[in-house]
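All remarks here apply to the structure that follows.
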Amino acid sequence: MNAISKITPARGSEERSVPREAVLTSATDPRGVITFAGSDFCDIAEYSADQLLNAPHKIVRHDDMPKGVFYLMWDTLKAGKPICAYVKNRTANDNYYWVLANVTLTENGYISARIHPETKYFDLAKSLYEEMLAMESGGKSPEDSANWLLTQLQEKGIPNIETFSALLLDSEFKNRGIVTPQNEAIFALMDEITGLVTDMQKLAKNIETGFKRVRGEPVNLRILAGRLEGAGAALGTISQNYDAMAQEMYELLGRLYGEDTGALADMFKALSHGRSAQQFAQLLGEAIAHENDSPTEGSQIDVLINQHARLEAVCEQRIREISVAGKSIPDICRSLRRRINGLDVVKLLCKVESGRMREVDSGLDGIIERLQAFHDNTDTSLAELSAKASQIQQKMSAF
Ligand SMILES: Cc1cc2nc3c(=O)[nH]c(=O)nc-3n(C[C@H](O)[C@H](O)[C@H](O)COP(=O)(O)O)c2cc1C
């Protein structure tokens with residue numbers, strides 16, 4: 001039995017619901033001509049595989065879908081990236097159904113695995129699609145309406161279509177609640193690592209905030225130096241040392257916490273890609289099992305099998321990348337700690353100067369206190385960061 005119970009399809013404009021366990025697969029050549037149609041897809045689409053094979057994929061297109069969505073789909077695929085989008089499709093009997101369609105590149109075209117949609121993102125997409133349709137019927141081009149969609153996502157804090165695709169797949173996949181026993185451990189590992197990397201990001205942010213707070217101290221020292229004239233000459237030199245060290249710290253912090261290139265960002269990216277690849281692989285694995293249970297006539301499931309293997313390999317590769325990025329973190333933490341100790345020398349020099357100027361209100365005591373607080377806070381955060389990084393390595397090596 002495939003995943004869909006045999007019910008007599010309704011005729012005309014009725015919604016066909018997609019069962020949770022169904023995975024609707026199809027593959028195309030590079031131009032979008034169908035080369036494979038899985039049994040769940042044929043059942044819901046109310047077509048035979050023969051009718052779908054060699055047809056352009058737009059055969060299932062529904063007029064309620066904005067052109068901008070397909071513009072974005074092709075634009076993303078042609079850039080070599082996978083995409084997820086909610087899609088309303090028309091069936092052969094003029095009924096319709098909604099799915100979350102996940103599309104990736106294969107060796108010689110594309111493949112899609114579609115599942116039942118249900119989360120809050122589905123409602124969000126439907127309301128955005130209504131506006132896109134209105135814009136398009138008012139004369140906006142597909143490109144314009146696609147760009148409008150991207151702007152809407154950015155306003156909601158979703159920076160690009162890749163992030164949105166991963167979010168959609170992850171939330172619908174989790175909501176669907178089907179995880180094969182082989183995948184349980186890997187998804188649990190990824191969730192644990194995501195938790196640890198999120199904690200590490202908070203710690204790094206904490207260091208950065210503290211750092212920004214004491215970043216202005218060299219200026220304060222220079223102002224003091226000016227005020228104290230000859231007596232303050234040493235403060236000018238101290239402030240220069242401080243500046244140089246702070247700059248080095250900033251660069252190190254960037255290696256850890258940089259938005260695009262830092263080790264933590266690399267880990268998040270690898271986690272997100274790896275998770276999406278494994279989720280897609282699981283859907284294909286389920287589709288393969290459905291095909292084996294109820295093969296479609298003349299069906300060539302090689303495309304499912306090959307892509308399943310490819311995606312599992314992508315996931316393994318991403319796990320290796322997480323490990324590599326994780327290994328660089330204790331080193332960065334050690335270097336940061338050395339710079340903090342360097343700042344301690346500055347603090348000591350300030351103390352000496354403050355002692356020498358006991359009779360003047362130099363303002364140095366305030367600077368010393370702020371440096372001390374920064375030092376203590378950063379030391380604690382760095383120790384926690386290193387501990388979390390080794391926890392990640394332990395979990396990876398135990399896997
Ligand atoms: C692997 C793959 C799967 C696709 N699945 C669908 C689909 O389920 N529904 C759909 O309307 N278009 C799908 N498309 C996009 C169609 O090729 C086409 O761009 C779309 O229907 C819009 O048609 P139009 O450009 O003629 O307006 C898919 C494309 C690919 C490469």
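Each reported figure results from applying straightforward, stated rules to the coordinates on display, with no laboratory input. Computed from a prediction, not measured in an experiment: that's the story for all the values here. Please note: Cβ atoms are built from the backbone with ideal geometry, for glycine as well, and neighbour counts cover all protein chains shown.
Each residue of the stretch 254-262 was assigned a 3J(HN,Hα) from its phi angle through the Karplus curve 6.51 cos²θ - 1.76 cosθ + 1.60 (θ = phi - 60°); the sequence is x, 5, 8, 10, x, 4, 9, 10, x Hz, with glycine and proline shown as x. What the Cα convex hull of the stretch 176-303 gives, in volume per residue, is 122 Å³. Each label was represented as a point 7 Å from its Cα along the Cα-to-Cβ direction; for Lys351 and Arg31 these points are 7.9 nm apart. Shown here are the Rg and Dmax of the Cα trace of the stretch 317-362, at 19.9, 65 Å. Normalised by 2.2 N^0.38 Å, with N the number of residues, the alpha-carbon radius of gyration of the chain equals 1.33. Counting alpha carbon pairs within less than 8 Å and at least 6 residues apart, what relative contact order, in whole percent, applies to the stretch 24-176? The value is 24 percent.
Centre-to-centre, using Cα atoms only, the stretch 103-125 and the stretch 199-257 are separated by 49 Å. In summary, the convex hull built on the alpha carbon positions of the stretch 24-176 has an orientation-averaged projected area of 8.7 nm².
How far, in degrees from 0 to 90, does helix 181-214 lean away from the longest principal axis of the Cα atoms of the chain, to the nearest 10? In the chain, helix 181-214 runs at an angle near 30 degrees to the longest axis. Take the Cβ-Cβ distance between Lys81 and Thr180 as r, set R0 to 22 Å, and report the resulting FRET efficiency rounded to the nearest 0.05. So the FRET efficiency works out to roughly 0.30. Subtracting the Cα-Cα distance of Ala244 and Val324 from 0.36 nm times their residue separation leaves 25.8 nm of extension gain.
Dividing the helix sum by the residues of the chain, where each DSSP H run of 4 or more adds -39500 (n - 2.57), gives a mean residue ellipticity at 222 nm of -23000 deg cm²/dmol.
All distinct Cα pairs of the stretch 282-333 go into the 1/r average, and the inverse of that average, the Kirkwood radius, is 13.3 Å. Using the beta-carbon distance between Ala383 and Glu118 and R0 = 56 Å, what value does 1/(1 + (r/R0)^6) give for FRET efficiency, to the nearest 0.05? Given R0 = 56 Å and the Cβ-Cβ separation, E is 0.85. For the stretch 182-255, compute the orientation-averaged projected area of the C-alpha convex hull (one quarter of its surface), in nm². Projected area, direction-averaged: 5.6 nm². Ranked from largest, the principal axis spans of the Cα set of the stretch 181-398 equal 95, 26, 20 Å.
Distance between the 7 Å Cα→Cβ label points at Gln391 and Arg213: 2.4 nm. Using R0 = 30 Å, the C-beta based FRET efficiency linking Ser127 and Asp260 works out to 0.45. DSSP bridge analysis restricted to the chain gives an antiparallel fraction near 95%, rounded to the nearest 5. Applying the Karplus relation 6.51 cos²θ - 1.76 cosθ + 1.60 with θ = phi - 60° to the stretch 95-108 yields 3J(HN,Hα) values of 8, 8, 8, 9, 9, 9, 9, 10, 10, 10, 7, 10, 5, 9 Hz, where x marks Gly and Pro.
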